[in-house]
Structures are given as structure tokens and as C-alpha cells.
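Report on the structure given below.
The values are calculated or read from the model by the stated rules, or taken from the named source; none is laboratory data. All values reported here derive from a predicted model rather than from experimental measurement. Using ideal geometry, Cβ is built from the backbone for each residue, glycine included, and neighbour counts are taken over all protein chains shown.
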Amino acid sequence: MALSEVLKALLKSQGLTDEEIAAYEKELEDKAKSKETTPKKSGTYVSTQTSARIPDDLALASKINASFKKFYGRDASQTELEALLPELRKQYTSKDGKSKTTVKTVYKNGQLVSTDYLTAEGIDPTDWVDEKIKQQVLTGNQPVNTLNIPAGPAGDYFVKLKNFAGNNGIRLSDDAATAYANQIVGQAISEDTVLNTIRESAATAFPSLAEKIKNGINLKTLADPYIQSMSDILEIPASSVDLFDPNIRSALSYTMKDGSVGTKSIYDFERELRKDSRWQYTEKARKEVAGATMQVLRDFGLQG
């Protein structure tokens with residue numbers, strides 16, 4: 001590393017000879033070359049230190065709010081913050097009662113990747129708060145709206161589970177849907193576990209369709225031909241026909257002549273629908289009656 005003339009002059013003013021300055025210049029050059037040829041530490045490695053300085057309340061409150069948004073879909077209330085902040089602060093106290101923050105720095109190939117300020121015991125404060133909130137969720141400790149739907153993510157699961165159950169011919173109570181939703185959000189069970197449990201109930205209720213239901217086909221999809229036939233014959237909107245209609249349920253779980261359970265043929269299903277009291281008020285029924293009347297008149301020679 002070559003020294004500037006200004007720096008050489010400064011060194012000379014301090015009493016260094018030309019030979020000493022040249023030697024110093026060569027030493028700097030050697031160090032620069034050594035630094036350039038020394039490879040950076042490869043891979044990922046972690047450095048951990050401690051500090052007596054702990055995060056301020058604003059930083060801790062942001063951790064609490066992040067967890068509340070994850071589990072409740074909102075920030076913590078002032079009351080909730082006042083309850084959790086002192087507990088979270090305590091996590092930054094060492095066993096000897098002193099303030100302590102564990103500073104964890106992660107490097108990759110010599111470059112700083114992240115710096116985390118953990119508790120005295122080296123726990124991520126987000127994980128600590130998450131665990132506290134999960135326990136609250138699992139106890140069902142959250143408000144519900146006028147439709148009895150829980151607030152936040154649990155409410156989203158509540159609606160999804162109710163709809164899924166309805167589309168598989170299963171009536172899921174609000175209490176059961178709320179309990180399932182809270183367990184999913186609280187990470188006690190998975191969403192797939194609940195959905196599979198509902199599918200198993202549907203498979204039991206409709207044994208002839210059990211295999212298809214278990215393989216992921218919703219009962220409503222399997223029932224669609226019957227729903228469309230009922231809509232057409234009784235001249236009612238298909239959207240008004242659900243899986244709890246007695247005609248649909250009977251068709252999907254029909255006792256055959258040999259005693260086995262199967263599905264009713266579309267032909268038999270439509271023929272029986274014409275015996276429904278609603279059929280006589282349809283346009284199709286009026287046309288059939290009019291046609292039959294005309295035929296009788298023709299048979300008697302009263303209509304040309």
C-alpha cells in the first residue's frame with residue numbers, strides 16, 4: 001500500500017527516516033495482500049453475546065401485538081398489554097436478578113445475516129408470546145360477533161368448517177366449529193385433521209359413497225345430478241336445494257331391494273318427485289294435465 005507524499009512528509013516530521021518509512025510502507029502492503037488472499041469464513045455460523053441492556057417497552061409491545069394479530073387478527077388492547085408486558089420484561093432477567101439480553105448474530109460466508117435480541121435464557125420473545133396467546137386461544141378466550149362467529153383467524157376457520165360440513169351433509173354445531181377453530185389456531189391440531197374427521201362422518205352417513213368422500217370428493221358434488229333434477233322438475237332454484245332436503249338424503253342413502261344401501265337411480269328419483277305435492281303447481285304439471293285432457297277429448301271425438 002503506497003503512502004501519499006503528504007503522509008510521508010508527516011512521518012518525517014515525527015522523526016522517521018526514509019528507511020523506516022519505506023519499511024512501514026512495505027508492512028502495510030504485506031498486510032493488505034494478506035487480507036486480500038485470506039478467504040472469508042465459509043458457511044453459516046452463530047455468535048452469541050450478552051448485554052445488560054434490554055429491549056424497551058415499545059419493542060416488547062410490538063412483539064405482543066404481532067402475536068395478537070396472528071391469533072386474534074388485531075392488536076392487543078391496553079389491558080392485555082398491561083398484563084403481558086411485565087411478564088415479558090421478566091424474561092430478560094438472569095437468575096441472579098440482573099438485566100440480561102442474549103444477542104445472537106448469524107453470519108454467512110463472512111457477511112452478517114441477522115441479529116436477534118433474545119431473552120436471558122436465549123428464547124425468542126416472539127415464541128414466548130406466541131405460546132402464551134396459544135394457551136388463551138385454546139381455552140376459547142375470545143369475543144364473538146352477533147352471528148356467534150369468533151374474532152380473528154378462528155372466525156375464518158369457523159366459517160370454513162361450517163361450510164365444509166354443510167357441503168358434506170353434516171350439521172356442525174357452532175360450539176363444535178368454535179372448538180375446532182380454536183384448536184387449529186392454537187396449533188393443537190391441524191386443519192387437515194378436522195376436515196378428515198368431517199369426511200369420515202359423511203362417509204359413515206352415506207356408506208355407498210364412502211370411498212369417494214374419503215378420496216376428497218364433496219358430497220354436494222356427488223349429489224349435484226339429483227339437485228339439478230329436483231330443481232328442474234319442481235321448478236325451484238338449485239341454490240335452494242341442500243343436502244339436508246329429505247328427498248336428496250333419501251336418494252343418496254337408499255335401501256335397495258336386497259337390503260344393501262346404495263343410491264337411487266335418477267329415473268326413480270324423478271318419478272317420485274312427480275308425486276311431491278309441489279309438482280302439481282309447476283308449469284310442467286299443468287302442461288301434462290292439459291295434454292292428457294286434450295287426448296281424452298280426442299278419444300271421445302270431442303276435439304279435432
>> For the range 259-271, check the following and say yes or no: at least one residue is closer than 18 Å to Lys284 by Cα and surrounded by 15 or more Cβ atoms within 10 Å (Cβ to Cβ).
In response: yes
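Output the residues belonging to the range 64-100 that are surrounded by 19 or more Cβ atoms within 10 Å (Cβ to Cβ) and either modelled with pLDDT of 90 or more or farther than 16 Å from Val129 by Cβ (or both).
If we filter the range 64-100 for residues that are surrounded by 19 or more Cβ atoms within 10 Å (Cβ to Cβ), which is where we start, we get 64, 67-68, 71-72, 76, 84, 88, 92, 100.
Residues satisfying the conditions are Ile64, Ser67, Phe68, Ala76, Leu84, Leu88, Tyr92, Lys100.
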>> Here's a check for you: in the range 137-153, which residue that is without any contact (Cβ under 8 Å) to a residue 40 or more places away in the chain and outside any loop (DSSP other than H, G, I, E, B) is nearest to Ile227 (Cα to Cα)?
In response: Pro150
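Filter the range 243-258 for residues that are in contact with a Gly (Cβ under 9 Å, 6 or more places away or on another chain), surrounded by fewer than 15 Cβ atoms within 10 Å (Cβ to Cβ) and either modelled with pLDDT under 95 or among the small types (Gly, Ala, Ser) (or both) and give the result.
Taking the range 243-258 as the starting set, the residues that turn out to be in contact with a Gly (Cβ under 9 Å, 6 or more places away or on another chain) are 243-244, 248-249, 252-256.
Right, trim to surrounded by fewer than 15 Cβ atoms within 10 Å (Cβ to Cβ) and you get 244, 255-256.
If the condition is that a residue be in contact with a Gly (Cβ under 9 Å, 6 or more places away or on another chain), surrounded by fewer than 15 Cβ atoms within 10 Å (Cβ to Cβ) and either modelled with pLDDT under 95 or among the small types (Gly, Ala, Ser) (or both), then Thr255, Met256 are the ones that fit.
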> If the Cβ limit is 6 Å and pairs must be 6+ apart or interchain, which residue in the range 266-286 that is closer than 10 Å to Ile233 by Cα pairs with which residue that is outside any helix (DSSP H, G or I) and not aromatic (Phe, Trp, Tyr)?
Replying inline: Thr282/Glu235
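Does the range 89-104 contain any residue that is part of a helix (DSSP H, G or I), within 17 Å of Asp127 (Cβ to Cβ) and in contact (Cβ under 8 Å) with a residue 40 or more places away in the chain? Step through it out loud before you land on a result.
As a first pass, look at the range 89-104 and keep what is part of a helix (DSSP H, G or I): 89-90.
In the following step, the residues that additionally are within 17 Å of Asp127 (Cβ to Cβ) were identified as 89-90.
Filter once more, keeping what is in contact (Cβ under 8 Å) with a residue 40 or more places away in the chain: none.
No, because not a single residue in the range 89-104 is part of a helix (DSSP H, G or I), within 17 Å of Asp127 (Cβ to Cβ) and in contact (Cβ under 8 Å) with a residue 40 or more places away in the chain.
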> Inside the range 165-220, counting only helices (runs of 4 or more DSSP H) that do not spill past its ends, which hold 3 or more residues that are touching a helix residue (DSSP H, G or I) at 6+ places or on another chain (Cβ under 8 Å) and in contact (Cβ under 8 Å) with a residue 40 or more places away in the chain?
Replying inline: 174-185
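Within the range 159-193, restricting attention to residues that are among the hydrophobic types (A, V, I, L, M, F, W, C) and under 13 Å from the mean Cα position of the chain (by Cα), which residue is surrounded by the most Cβ atoms within 10 Å (Cβ to Cβ)? Before the answer, list the steps.
Taking the range 159-193 and keeping what is among the hydrophobic types (A, V, I, L, M, F, W, C), we get 159, 161, 164-165, 170, 172, 176-177, 179, 181, 184-185, 188-189.
Filter again for under 13 Å from the mean Cα position of the chain (by Cα), leaving 159, 161, 181, 184-185, 189.
On the way: Val159: 14, Leu161: 22, Ala181: 28, Ile184: 23, Val185: 26, Ile189: 13.
Here the answer is Ala181.
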>> Which condition from (1) touching a helix residue (DSSP H, G or I) at 6+ places or on another chain (Cβ under 9 Å); (2) assigned to a loop (DSSP other than H, G, I, E, B); (3) not basic (Lys, Arg) is the one that Ala66 breaks?
In response: (2)
